[in-house]
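**Student:** Below you will find the structure I want to go over with you.
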Amino acid sequence: MSYRDLINSILRPHITERVLVLDLFAGCGGLSLGFEAAGFKTIGYEIDSVAYETYNRNLKGKCHAVKLNLDFEYPDADIIIGGPPCQPFSLRGTRKGKNDARDGFPIFIDAIKKIQPQIFVFENVRGLLYAGKKYFEKILFELRNLGYIIDYKLLNAVNYGVPQNRERLFVVGHRAKFKFPNEELNQVTVGEAIGDTMLTAPKESKFLTPSMDAYIAVYEKASYCVNPRDLYANKSARTLTCRNLAAATSDMQRVKLRDGRRRRLLVREAARLQSFPDWFEFHGNEMQQFYQIGNAVPPLLAYKMALSVKDCYNKGKIYSVKEIFEKKLQPNQIPTLFGYEEIYR
């Protein structure tokens, strides 16, 4: 099956589970799409009204346009997912960390305290492991004190079927056993993703001017680029960001046509490189759509993470003493932090 056929077929909401997933800082729904494709019901929360419209246009779960705070009351849920705002730790940001007003971690941790879900997952920039390392350790300390086992890993989307080199930190809290999805041997190329359009010039195309070409050449020489930073059909893409999609910058995402002209990516091309299926409709103007795509978790990676979460949830639910006796569970049916506990001794 081709990459395009794959994302257009498996990445469709298909609710089979009774488990409720809350998506905090949901954006346009990249994480939720992956979880709905894996069978989960979702409810999203997102402050950006354009992104929340996109979520509601495409997903079965309802997204609420709301600014979360420490007084917010959530519905009961089994799983919490989300992408707390990453600007405080982004390499391109001011890196104020915990002193940045845009830091979403206090809210995310507050939701964990209030709901006590079976599992939670959050995604963030790799800078949290480096410039933000001390703050990250404090976050882990708080989460472990809430009784969770914490697993975290830096995942590159290109190793999970997404045609883009995109490293992001994924953190999973659980009370049983969790296994990150296996990496795949074959990487999907730009040609496999957008080969049907990358050498064309639709009417909405925006071409680089000679002065832009000259400026980029100076930038690439100063950056010691061996090859121009165009997209190549036989390779995976560079990381898609809000900046290099929406702005006419020196590192913008672009393709080179047969006649030598270079044009910026189309919205649908960017969406496909981020693994959004072709049926997924983005709300807002072009810049707003690019921002939604650049901020999103690749839905295909989200789907594979959701399958791992489902496996952990189904095989590793921790039962209360009341549930144990009501369900008449046997010792080998009761997973705990240390394996199977013989509670009837």
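Every number here is computed from the coordinates shown, using simple stated rules; none is lab data. All of these numbers come straight from a predicted model, not from anything done at the bench. Glycine gets a Cβ as well: all are built from the backbone with ideal geometry, and neighbour counts include every protein chain shown.
**Student:** Could you give the length gained by full extension between Glu220 and His14, i.e. 0.36 nm per residue of separation minus their alpha carbon distance, to one decimal place?
**Tutor:** Values: separation 206, 0.36 × 206 = 74.16 nm, distance 4.50 nm.
Between Glu220 and His14, full extension yields an extra 69.7 nm.
**Student:** Here is a follow-up. For a bin width of 5 Å, list the pair-distance distribution of the range 190-294 built from all Cα-Cα distances, rounded to whole %.
**Tutor:** 2, 12, 24, 25, 21, 11, 3, 1, 0
**Student:** Quick one: which of Lys62/Lys304; Lys179/Lys310; Lys203/Lys256; Lys113/Lys138 span more than 18 angstrom between C-alpha atoms?
**Tutor:** Details: Lys62/Lys304 22 Å; Lys179/Lys310 11 Å; Lys203/Lys256 16 Å; Lys113/Lys138 15 Å.
The pairs that break the limit, which is 18 Å between Cα atoms, are Lys62/Lys304.
**Student:** Do the sum for the chain: with -39,500 (n - 2.57) for every DSSP H run of n ≥ 4, divided by all residues, what is the mean residue ellipticity at 222 nm, to the nearest 500 deg cm²/dmol?
**Tutor:** Details: 12 runs with 114 residues, N = 345.
Computed ellipticity for the chain at 222 nm equals -9500 deg cm²/dmol.
**Student:** Now a separate question. Counting other beta carbons within 10 Å of each residue's own, what order do Met252, Met1 fall into, fewest first?
**Tutor:** Values: Met252 19, Met1 9.
Ascending Cβ contact count within 10 Å gives the list Met1, Met252.
**Student:** For His283, His14, His174, what's the fewest-to-most ordering of other Cβ within 10 Å of each Cβ?
**Tutor:** Values: His283 18, His14 12, His174 23.
Starting with the residue having the fewest Cβ neighbours, the order is His14, His283, His174.
**Student:** Given charges of +1 on the Cβ of Lys and Arg and -1 on the Cβ of Asp and Glu, with all other atoms neutral, how large is the dipole of the range 152-263 about its Cα centre, in debye to the nearest 20? Walk me through the numbers on the way to the answer.
**Tutor:** Numbers: 19 positive and 11 negative charges, 61 e Å.
Dipole magnitude for the range 152-263 comes out near 300 debye.
**Student:** Rounded to the nearest 10 degrees, what's the angle between the helix 133-145 long axis and the longest principal axis of the chain, both from Cα atoms, 0 to 90?
**Tutor:** 30 degrees
**Student:** Bin width 20 Å, alpha-carbon pairs only: give the P(r) of the chain as whole percents, running from 0 to the bin holding the largest distance.
**Tutor:** Reading the bins upward from 0: 29, 55, 14, 2.
**Student:** Here's something else I'd like to know. Treating the beta-carbon of each Lys and Arg as +1 and of each Asp and Glu as -1, no other charges, what is the dipole magnitude of the chain about its Cα centre, to the nearest 20 debye? Walk me through the numbers on the way to the answer.
**Tutor:** Numbers: 50 positive and 38 negative charges, 122 e Å.
The dipole magnitude comes to about 580 debye.
**Student:** For the range 205-261, build the charge dipole from Cβ charges (+1 Lys, Arg; -1 Asp, Glu) around the Cα centre, then report which of Ala247, Ile216, Asn234 sits farthest towards its positive end.
**Tutor:** Asn234
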